[in-house]
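Here's the structure, in structure tokens; my notes come after.
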Amino acid sequence: MFLSVFDLFKIGIGPSSSHTMGPMVAAERFLDELAEGEWPRPAGATVSRLAASLHGSLAFTGVGHATDRAVILGLNGLTPTTIDPDTADGILERIRRTRRLDPPGHPGYDFDPETDLVFDRKAPLPGHANGLAFSAFDADSRLLLRRVYYSVGGGFVVSEEELQALQARGKQAAEHDVPYPFANAREMLAMAAESGLSIAEMKRANEESRISAAELDSGLDRIWEAMHGCVERGLSQEGVMPGGLNVRRRARRLHETLQEEWRQNRPNPLSANDWLSVYAMAVNEENAAGGRVVTAPTNGAAGVVPAVLRYWLRFHVDADQKGIRDFLLTAAAVGGIVKHNASISGAEVGCQGEVGSASAMAAAGLAAVMGGTPEQVENAAEIALEHHLGMTCDPVAGLVQVPCIERNALGAVKAVTAASLAVKGDGTHFVSLDAAVETMRQTGIDMNERYKETSLGGLAVNVVEC
């Protein structure tokens, strides 16, 4: 299946692509179906009240991930791309006070967040760990419409019917409607060798088979502008992040310390790592606070790719706008392979699928702009992913703060190390990227559910107990 760069890099709000952006998109789809009216109902029946239920990981960690907020805002007609995070609290307060939803283009619906939004921890939905159901009732509380959706990671949402169709079809080769339809790294390298093109050039050709070059470049620039803006805002903010853990932002103070060292030309052998870390933490502190971020490939891992790009722009004198675009295109090519053959969802495979995938994407992008061959780029991605295998998703209190923020910093450091190792070699290596991706998939299947975004094991339990 062809995955566009814009499928993997989505601009939206924090703190979670699967728990915030996905449910908001699902609510938007439900509203669209209500508005279309092409569903069976008793003659003369009209929708009076809406309700929603969260299941699986969404139920266990939904409060910490702001899933309840996302669903309510989504049912009020807001989307991840259009919402102003600064207005969200006021809208939520009005809905709680009036018990009324007023999405544009709809007549308005009764909705009491206290009773019409249910965290159902006892009945997981069968299709995926991130399941949610929406229901519409008439004035006599008769059920008129019920729809089930699954938030499968990175802001991607599928209906119950779409998921069943995907599962029935299974893992198939990439659709042959693009010039370079690689479904895995082996095919990607073979096509690069045959065509003489870089991975970024092949990915560009695939994208331009659907949109113009100008549209592609404008979209890539918009992605980077959003990433850059998120870093800058994160570096300027202070205070305690929401959620009750009382975790303080650290990026601004760390950044000020690094700037002072830079101005004084003070020797710091760890300077590159420090800058990588502060950039990544700035993004994920913004994400934890519900700010605007870019899935890369998820919100929980949103800091890795921007951090490595900012590092490259700061420390590499040949960095330019074309390089930023090539970086993002290469990263998207690798991200598409991981998603197609395994998963980028913490609820499915743990954090190896989030920060691990992000680190592989960033390593590939950096190796590409450092002049790496396709084989060196694939090697960089493999190194980064291999050394995240088995990483669990165990956020304390269900919040995307501990260990998520620091984990992005370490993912960025691993990405740069992986790229450096790869470009210093000749591209030959023992473990292939495809083998690492398949290993991640199998590890995710074997991983206990307590360690896959449910906050029922690991740090989520032991930090509280200690």
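The values are calculated or read from the model by the stated rules, or taken from the named source; none is laboratory data. Here the structure is a predicted model, which means the values were calculated and not measured. Please note: Cβ atoms are built from the backbone with ideal geometry, for glycine as well, and neighbour counts cover all protein chains shown. To get the accessible areas, we keep the full protein, side chains included, count just its heavy atoms, and leave off ligands, DNA and RNA. Shrake-Rupley method; radii C 1.70, N 1.55, O 1.52, S 1.80 Å.
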Is it the case that Arg49 is in contact with an Asp or Glu (Cβ under 9 Å, 6 or more places away or on another chain) and at positive phi?
-> no
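Return a yes/no flag: does region 454-465 have any residue that is part of a helix (DSSP H, G or I), surrounded by 19 or more Cβ atoms within 10 Å (Cβ to Cβ) and over 18 Å from the mean Cα position of the chain (by Cα). Explain how you work it out, then say what you get.
Narrowing region 454-465 to residues part of a helix (DSSP H, G or I): 459-465.
Pick out the ones that are also surrounded by 19 or more Cβ atoms within 10 Å (Cβ to Cβ) and you get 460.
If we keep only those that are over 18 Å from the mean Cα position of the chain (by Cα) too, we end up with 460.
Yes, region 454-465 has at least one match.
Within region 199-226, track down each residue that is of a type in the set (S, T, N, Q) and over 27 Å from Val283 (Cβ atoms). Reasoning before the result, please.
Taking region 199-226 first, the residues of a type in the set (S, T, N, Q) are 206, 209, 212, 218.
Result: Asn206, Ser209, Ser212.
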Considering (1) without any contact (Cβ under 8 Å) to a residue 24 or more places away in the chain; (2) buried (at least 24 other Cβ atoms within 10 Å of the Cβ), say which one Leu309 fails and leave the rest.
-> (1)
Please work out if Pro242 is of a type outside the set (S, T, N, Q), open to solvent by 30 Å² or more (accessible area, probe 1.4 Å) and assigned to a loop (DSSP other than H, G, I, E, B).
-> yes
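Would a scan of region 415-424 turn up a residue that is out of contact with any Leu (no Cβ under 7 Å at 6 or more places or on another chain) and basic (Lys, Arg)? Walk me through it before giving the result.
First, pick out the residues of region 415-424 that are out of contact with any Leu (no Cβ under 7 Å at 6 or more places or on another chain): 417-418, 420-424.
Restricting the remaining residues to those that are basic (Lys, Arg) gives 424.
Yes - at least one qualifying residue is present in region 415-424.
For a quick check of your reading: which strands (runs of 3 or more DSSP E) sit entirely within region 72-177 and have at least 1 residues that are open to solvent by 40 Å² or more (accessible area, probe 1.4 Å)?
Passing ranges, in order: 117-120, 143-153.
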Return the total of residues in region 3-40 being open to solvent by 30 Å² or more (accessible area, probe 1.4 Å) and touching a residue at least 12 places away in the same chain (Cβ under 8 Å).
-> 9
Could you check, for region 41-57, whether at least one of its residues is over 19 Å from the mean Cα position of the chain (by Cα), of a type outside the set (A, V, I, L, M), surrounded by 21 or more Cβ atoms within 10 Å (Cβ to Cβ) and over 23 Å from Leu399 (Cα atoms)?
-> no
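Would you confirm, using the coordinates I've provided, whether Pro267 is open to solvent by 30 Å² or more (accessible area, probe 1.4 Å), at negative phi and over 23 Å from the mean Cα position of the chain (by Cα)? Break it down stepwise before answering.
Numbers: open to solvent by 30 Å² or more (accessible area, probe 1.4 Å): yes; at negative phi: yes; over 23 Å from the mean Cα position of the chain (by Cα): yes.
Yes: the conditions hold for Pro267.
For region 11-40: of the residues being of a type in the set (S, T, N, Q) and in a helix (DSSP H, G or I), which is farthest from Val305 (Cα to Cα)? Working first, answer last.
Within region 11-40, the subset of a type in the set (S, T, N, Q) is 16-18, 20.
Then drop every residue that is not in a helix (DSSP H, G or I), which leaves 17-18, 20.
Working: Ser17: 15, Ser18: 18, Thr20: 20 Å.
Here the answer is Thr20.
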